[in-house]
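Read the structure below first, then the notes.
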Amino acid sequence: MKPSRWERVKSALRDFAARIDGRSLAIGLVIGLLITQFINYVTVDGTGFLQNLVPEFVGLIFTVLILDNLGRMRERRNMIEQLIRRMHSRYNHTALAAIEELRVLGKLSDGTLQGRELRGSNWRDANLYQADLRYCDMRNAEFLHADLVEANLEHANVTEVQLASTDIMCGAVMPDGRRYDGRYNLEGDFAYARRKNVDLASPEQMAAFYGVSVEEYMAGQTWWAVNKDRFTKRSRHYDMSDLRNQPLQ
């Protein structure tokens, strides 16, 4: 037997229910209840004809709401995926514009980028403040003058040479899961520390600035003294007057 229209609507509801947001569901329920009350109010002949149409109306309303909601969700997902592809560009202006759009949409820090393959991206001068880059493959990506304040790089595929070329990394989580200890001696970190009246010559104050123990900070400085000659690609100047370089208050 061929299923009725109402049965088809119920089947569609079951298929789409898991993807309906609460707002659309609430709107549909309210509209359905209002229609039911209206039908009961205007029906006076007692035939029940209009009441029999209520399931059809409710099903139609739900279907329209569901399809509209799914369409909007699909468009948003497609837009975000397109921005991530642009973020992966080797063309610096294209990548930076996409990063800023993702920031406005809240997609830099919400986990959307986790595990993405972003090799070879040109992120020179990029503001990756609070970016969640966990598990990302960023081999050969350009990081010169990039801002990685409070970025999460846990388990990311990125090298020390790349990170040592950035402008600022205070508050970042390193690939090994530990908080950045200041070992790369970045100009942006120093500029921000000075603005916070931190004494750069005080291990105690610098350790507090980076949020690590004094022992961790000193170990990082010892590591830098031994390894600094390996890092020739470095940011030599940090412009505090550049609005792009003021992610923190």
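Full extension of the segment from ALA97 to MET218, taken as 0.36 nm per residue of separation minus the current Cα-Cα distance, would add 39.8 nm.
Between the residues GLY211, LEU144, ALA126, the greatest Cα displacement towards the positive end of the dipole of the range 109-240, with unit charges on the Cβ of Lys, Arg, Asp and Glu, is found for LEU144. Highest-first packing order for the peptide set 137-148, 191-202 is 137-148, 191-202, based on the mean count of other beta carbon atoms within 10 Å.
In order along the range 161-174, phi translates into HN-Hα couplings of 4, 5, 5, 6, 8, 6, 7, 7, 9, 4, x, 6, 9, 7 Hz, rounded to whole numbers, per the Karplus curve 6.51 cos²θ - 1.76 cosθ + 1.60 with θ = phi - 60° and x for Gly and Pro. The length gained on full extension between MET79 and VAL226, counted as 0.36 nm times the residue separation minus their Cα-Cα distance, comes to 48.3 nm.
Net charge dipole, the range 109-240: roughly 320 debye, given to the nearest 20, about the Cα centre with Cβ charges of +1 for Lys and Arg and -1 for Asp and Glu.
Since every read-out is calculated from the coordinates, none of them should be taken as a lab result. Computed from a prediction, not measured in an experiment: that's the story for all the values here. Please note: Cβ atoms are built from the backbone with ideal geometry, for glycine as well, and neighbour counts cover all protein chains shown.
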